[in-house]
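The structure appears below as structure tokens.
The values are calculated or read from the model by the stated rules, or taken from the named source; none is laboratory data. Worth saying up front: this structure is predicted, and the values here are computed from it rather than measured. For neighbour counting, all protein chains shown are included, and Cβ atoms are generated from backbone atoms with ideal geometry for every residue, glycine included. Surface accessibility is based on the protein's heavy atoms, side chains included, excluding ligands, DNA and RNA. Shrake-Rupley method; radii C 1.70, N 1.55, O 1.52, S 1.80 Å.
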Amino acid sequence: MAVWNKLVTALRGAAHEAGEAVTDSQALRILDQEIRDADNDLNKSKEALAEIMAKQKLAAGKLQTTRMKIAEYEGYAIKALETNDEALALEVAGKVSLLEAQRDEEEAQSTAYTQSVEELRAAINTAQTNIKRLKQQADTVKATESVQRAQATVAGRYTGSQSRVQNALDSLERIKQKQAERGARLQSAAELSRESNEDVLDAKLRAAGITPQAGSAQTVLERLKAQQQASKSA
């Protein structure tokens, strides 16, 4: 069981490493997609902001209308009081009370819309700044990636070129060595041939009696006479 658990763990580790390798190889593509997703989310946020701003504008218009109606009916109530028609003034006051309740609701709604607009605007501004910075950094990363790939290509070609040059130099040295060995053999053969020819000629001269035979009695006698003559002269 322990072996099985270790095997499962090893397989999970291998899968994780493979996943990381794929992620690393596609890092720039993934980064571009993430930036596009962020842009899409930002655009959706802007659309939502536009909708909320429209609702805010409508709510502000309704609030202004309600306030104007309140002021209008308050004027009616005052005129009713001026004519001593308190019953009518009371009825108008009831209308004003309803309008004030409506005004309070519309003010709360307008305030909520205003707060939402401010918060969403701040969030959008922050997102825009972050996305702009992210795009700038992505451009830098892409430029660095291109430079490093070019450097790697040049380095690889240089290494390959150096290897080829070294191989050529090694081949040249082998050729020189073979030529030197061949030249030495030819020179040795020529010397042996020359020595052989000289031996043959000397043998012919000795046979013809032109030169004395090596190691003959006459040669030895002549050498002894020469030594004797040298001793007397001394």
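For this structure, a couple of remarks:
- Neighbours by Cβ (under 9 Å, 6+ apart or cross-chain): first from the range 59-70, closer than 12 Å to A108 by Cβ; second hydrophobic (A, V, I, L, M, F, W, C): A59/A112
- A101 being open to solvent by less than 80 Å² (accessible area, probe 1.4 Å), small (G, A, S) and farther than 22 Å from T65 by Cα: no
- Selection of first residues in the range 126-138 that are more than 18 Å from A27 (Cα to Cα) and of second residues that are in a helix (DSSP H, G or I) and at pLDDT 85 or above, restricted to Cβ pairs under 9 Å at least 6 apart or on distinct chains, gives the following pairs, ordered by first then second residue: A127/A38; A127/D41; A127/L42; A127/S45; Q128/L42; N130/A38.
- Residue within the range 56-72 that is within 30 Å of A38 (Cβ to Cβ), assigned to a helix (DSSP H, G or I) and open to solvent by 50 Å² or more (accessible area, probe 1.4 Å) present: yes
- Qualifying residue in the range 151-164 (condition: assigned to a helix (DSSP H, G or I) and surrounded by 13 or more Cβ atoms within 10 Å (Cβ to Cβ)): no
- Residue that is least open to solvent (accessible area, probe 1.4 Å) [pool: residues in the range 104-122 that are of a type in the set (D, E) and under 13 Å from K62 (Cα atoms)]: E106
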